[in-house]
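Engineer: Okay, here's the structure, questions in a sec.
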Amino acid sequence: MRILQLLPELKVGGVERGTVDLSDHLVKLGHDSAVISAGGQLVNLLSAHGAKHYELPIAKKNIRALSQINNLKKIYSDFQPDIVHVRSRFPAWINYFALKNFPDKKPIVVSTFHGLYSKPFYSKSMSYADEIIAISDTVKDYILENYSVDTSNLHLIYRGCDLQEFNTTPLSQEWKEAWFNEFPQTRNKTILNLPGRITSWKGIESFIDLFSQLDTSRFHGIIPGPVASNKKNYFNSLTKLIKQKGLADHLSFCGARSDIAKVYKISDIVMNLSSKPEPFGRTIIEAAACGSHVMGWDRGGVKESIQSINPDGLVEYGNIGMLAQQIEKVLISSPPESIPEQFTKDHLASSTINVYELALNRAS
């Protein structure tokens, strides 16, 4: 097969990393793989495993990007893909117009809905596909509610966790000492972890409220995640709130961490408390793969993953009191030793290839 994936950029992120991982898997199986994006630091990984990269400025939603329709046609004529896999809404629109009057044999279009998109009409481009992949049942339900699609062309494939990176290999004493030197207030404490970008819908206020109900002599909370330049004011408001509640010695922001798998391992419980339903909730799967207990609100993609790993970790949305009480029950249970196969990177890759082959068989 000749597979071409289309997305805005190849900067660091879950969708981008998944694109590169799938490309690597395809090449190892003898398929021809290519990616179209506006570039980014992951491009080198494509060339390292033998895939092509075509650079097109399609990351920004503007007229200049729409002018790339003819350039996209040229790439399609050059690479002659059997499958075009679109992973984002604006590139999906460009693909839609590029194929509208395509002079050669049209490739099959596969799309992956990676989110619960807030603008259904703008997101309609993702439904203009021969086969559609949803990353959770939550996303699958969203698609069926908002778009006219044939259920036989709609496939559930969960996001995949890389078990080489996220595993239960014990932490080294050297790393642990470095951690406790950096965050001495976490030593001899039960560590609760709320990972994610510092942004208003990640539930950080709920995490802060939780510590108002806990015995802070036992617990310490950590919040690893980057602060974007446009989120500095929000970050400052959070630190102010923590001080007002007298929790400055019990909650620590850790910044962006390149060793997040190790941070999961040092944590007793990893939480997802997002104020909007998550389409998937990648951090929960990664943390469970590292052997950490997991907890989160009983809704969205987070519900699906925790339900299959540790149902005691599910709590009614917004119920901080119940969350505080349930922590004790979770801590006395056995931590996860592994994650279900459907949440692994290998399962994601093989299931996606199955969708490609199904689409080709249907078209023949």
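The values are calculated or read from the model by the stated rules, or taken from the named source; none is laboratory data. Please read all numbers here as calculations on a predicted model, not as lab measurements. Ideal geometry is used to build each Cβ from the backbone, glycine not excepted, and the neighbour counts take in all protein chains shown.
Engineer: Just to check your reading of the model, which residue among Ile94, Ile133, Ile108 is in the same structural domain as Leu7 (by TED's automatic domain parsing), more than 21 Å from the chain's Cα centre (by Cα) and within 30 Å of Pro277 (Cβ to Cβ)? Quick ask: steps written out before the conclusion?
Structural biologist: Working: Ile133 fails: more than 21 Å from the chain's Cα centre (by Cα); Ile108 fails: within 30 Å of Pro277 (Cβ to Cβ).
Sole residue among the options that is in the same structural domain as Leu7 (by TED's automatic domain parsing), more than 21 Å from the chain's Cα centre (by Cα) and within 30 Å of Pro277 (Cβ to Cβ): Ile94.
Engineer: Of Glu174, Glu131, Glu165, Glu182, which residue is loosely packed, with under 14 Cβ neighbours inside 10 Å and closer than 19 Å to Gly18 by Cβ?
Structural biologist: Details: Glu174 fails: closer than 19 Å to Gly18 by Cβ; Glu131 fails: loosely packed, with under 14 Cβ neighbours inside 10 Å; Glu182 fails: closer than 19 Å to Gly18 by Cβ.
Glu165 is the lone residue from the list that is loosely packed, with under 14 Cβ neighbours inside 10 Å and closer than 19 Å to Gly18 by Cβ.
Engineer: Return the total of residues in the stretch 12-31 being under 20 Å from Pro91 (Cβ atoms) and surrounded by 16 or more Cβ atoms within 10 Å (Cβ to Cβ). Even if it seems obvious, please write down each step before you answer.
Structural biologist: Of the stretch 12-31, the ones under 20 Å from Pro91 (Cβ atoms) are 12-23, 26.
Still in the running and surrounded by 16 or more Cβ atoms within 10 Å (Cβ to Cβ): 15-23, 26.
Residues in the stretch 12-31 being under 20 Å from Pro91 (Cβ atoms) and surrounded by 16 or more Cβ atoms within 10 Å (Cβ to Cβ): 10 in total.
Engineer: For the list (1) buried (at least 22 other Cβ atoms within 10 Å of the Cβ); (2) out of contact with any strand residue (DSSP E or B) (no Cβ under 6 Å at 6 or more places or on another chain), I need the number of the one condition that Phe102 fails.
Structural biologist: (1)
Engineer: Scan the stretch 56-73 for residues that are among the charged types (D, E, K, R) and either modelled with pLDDT of 90 or more or in a helix (DSSP H, G or I) (or both) and jot them down. Give the steps one after another, and end with the answer.
Structural biologist: Here is the first cut: in the stretch 56-73, the ones among the charged types (D, E, K, R) are 60-61, 64, 73.
If the condition is that a residue be among the charged types (D, E, K, R) and either modelled with pLDDT of 90 or more or in a helix (DSSP H, G or I) (or both), then Arg64, Lys73 are the ones that fit.
Engineer: Checking the structure you have, find out if any residue of the stretch 21-34 is touching a residue at least 40 places away in the same chain (Cβ under 8 Å), within 24 Å of Pro226 (Cβ to Cβ), assigned by TED's automatic domain parsing to the domain that holds Lys106 and not charged (D, E, K, R).
Structural biologist: Looking through the stretch 21-34, none of the residues is touching a residue at least 40 places away in the same chain (Cβ under 8 Å), within 24 Å of Pro226 (Cβ to Cβ), assigned by TED's automatic domain parsing to the domain that holds Lys106 and not charged (D, E, K, R).
Engineer: Right, next: Looking at the stretch 290-310, I want the residues that are in contact (Cβ under 8 Å) with a residue 12 or more places away in the chain and outside the structural domain of Val263 (by TED's automatic domain parsing) and have a partner that is outside any helix (DSSP H, G or I) and crowded, with 24+ Cβ neighbours inside 10 Å with Cβ atoms under 6 Å, at least 6 apart or on another chain. Which pairs are those?
Structural biologist: Note: no pairs meet the criteria.
Engineer: Could you please find all residues in the stretch 206-229 being in a helix (DSSP H, G or I) and touching a residue at least 40 places away in the same chain (Cβ under 8 Å)?
Structural biologist: Here is the first cut: in the stretch 206-229, the residues in a helix (DSSP H, G or I) are 206-211, 229.
Passing the criteria: Ser206, Phe207, Ile208, Asp209, Leu210, Phe211.
Engineer: If you check Ser237, Ser200, which single one turns out to be at pLDDT 95 or above, in the same structural domain as Lys265 (by TED's automatic domain parsing) and either part of a loop (DSSP other than H, G, I, E, B) or of a type in the set (Gly, Ala, Ser) (or both)? Working first, answer last.
Structural biologist: Working: Ser200 fails: at pLDDT 95 or above.
Exactly one of Ser237, Ser200 is at pLDDT 95 or above, in the same structural domain as Lys265 (by TED's automatic domain parsing) and either part of a loop (DSSP other than H, G, I, E, B) or of a type in the set (Gly, Ala, Ser) (or both), namely Ser237.
Engineer: Cβ-Cβ below 8 Å, separation at least six or inter-chain, first residue in the stretch 103-118 and hydrophobic (A, V, I, L, M, F, W, C), second modelled with pLDDT under 90 and not in a strand (DSSP E or B): which pairs?
Structural biologist: Cβ pairs passing all conditions: Ile108/Ala363.
Engineer: Here's something else I'd like to know. All but one of (1) aliphatic (A, V, I, L, M); (2) assigned by TED's automatic domain parsing to the domain that holds Glu328; (3) touching a Leu at 6+ places or on another chain (Cβ under 9 Å) hold for Ala178; which doesn't?
Structural biologist: So the condition that Ala178 fails would be (3).
Engineer: Do we have Ile332 as surrounded by fewer than 19 Cβ atoms within 10 Å (Cβ to Cβ), in contact (Cβ under 8 Å) with a residue 60 or more places away in the chain, more than 20 Å from Lys276 (Cα to Cα) and among the hydrophobic types (A, V, I, L, M, F, W, C) here?
Structural biologist: Numbers: surrounded by fewer than 19 Cβ atoms within 10 Å (Cβ to Cβ): yes; in contact (Cβ under 8 Å) with a residue 60 or more places away in the chain: no; more than 20 Å from Lys276 (Cα to Cα): yes; among the hydrophobic types (A, V, I, L, M, F, W, C): yes.
For Ile332, the condition - surrounded by fewer than 19 Cβ atoms within 10 Å (Cβ to Cβ), in contact (Cβ under 8 Å) with a residue 60 or more places away in the chain, more than 20 Å from Lys276 (Cα to Cα) and among the hydrophobic types (A, V, I, L, M, F, W, C) - is not met.
Engineer: Quick one: count up the residues across the stretch 217-258 that are within 26 Å of the chain's Cα centre (by Cα) and basic (Lys, Arg).
Structural biologist: 3
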